[in-house]
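Single-structure report; data block below.
Coordinate-derived values only; no laboratory data. These figures come from a predicted structure and were not determined experimentally. No Cβ is skipped: glycine too gets one built from the backbone with ideal geometry, and neighbour counts run over all protein chains shown.
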Amino acid sequence: MEGRGVARGKRTAADLGAYLCFEDEAGQGLRPPKGRTWAPVGARPVVTVRGRGSGRVNMAGVLAFRDGERPHLFYRLHVYRGRKGEPKTFSWMDYRDLIVATHHHLGAPLVWCWDNLNVHLAGQLAEFAAENADWLRIVQLPAYAPELNPAEGVWSLLRRALANFAVTDLPGLVRIVKRKLKKIQYRPHLLTGCLTQTGLTLDTPVKP
């Protein structure tokens, strides 16, 4: 990998024959994300929905790249229903399980890049990485540098896809989010575009 902020990751990934993985999180409530919509002049559409509007779908996604191969997107969802005592977002164990699932699916070592979110810095995750150093390296991205993370582009694509949808409950939102993420998942050119917009490049062209 060439470009800003991942030179160290480049050397490690090349040495290991590893996938370079970028992880990030996002969330979506029942209110549609802001976006451009179209309607006749003077006839702005109003959609009435039921429910309290509470709850949220949290998403953790990882984009995996290896020189000369198609990119991959993996993700997990966490549904927060607004109940007392319910976890609001992912735990360190959820992130550990995402790393393990990605490793099992790809069958290769991983160089795992993410930001400095508190849970990412949990001691349990550091211990997990140390125990699995034969196939896992964790790299912290520079602080306040979302433009270096290709996974940010996935959330941009998802928000654009959700702009014209209105849902009445959390199960409906989960179905739409899963459907839209799956469409992105099976379009490698979109995933490659998420990498391109960061200014980072692979050493050789990615296979179609």
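Within the stretch 78-109, list the trypsin sites (Lys or Arg not before Pro) lying in a DSSP loop whose Cβ has at most 10 other Cβ atoms in a 10 Å radius.
Answer by residue number: Arg81, Arg83, Lys84, Lys88.
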### Message
So if each residue of separation counts as 0.36 nm, and I subtract the Cα-Cα distance between Thr89 and Ala122, what length gain in nm does that give?
### Response
10.4 nm
### Task
Find how much the distance from Lys178 to Asp67 grows on full extension, using 0.36 nm per residue of separation minus their present alpha carbon separation; answer in nm with one decimal.
37.2 nm
### Query
How long is the gain from Ala163 to His105 if the chain were fully straight, where each residue apart is worth 0.36 nm and the alpha carbon distance is subtracted?
17.7 nm
### Where chymotrypsin sites (Phe, Trp or Tyr not before Pro) fall in DSSP loop in the stretch 143-193, at most 16 other Cβ within 10 Å
Tyr144, Phe165, Tyr186
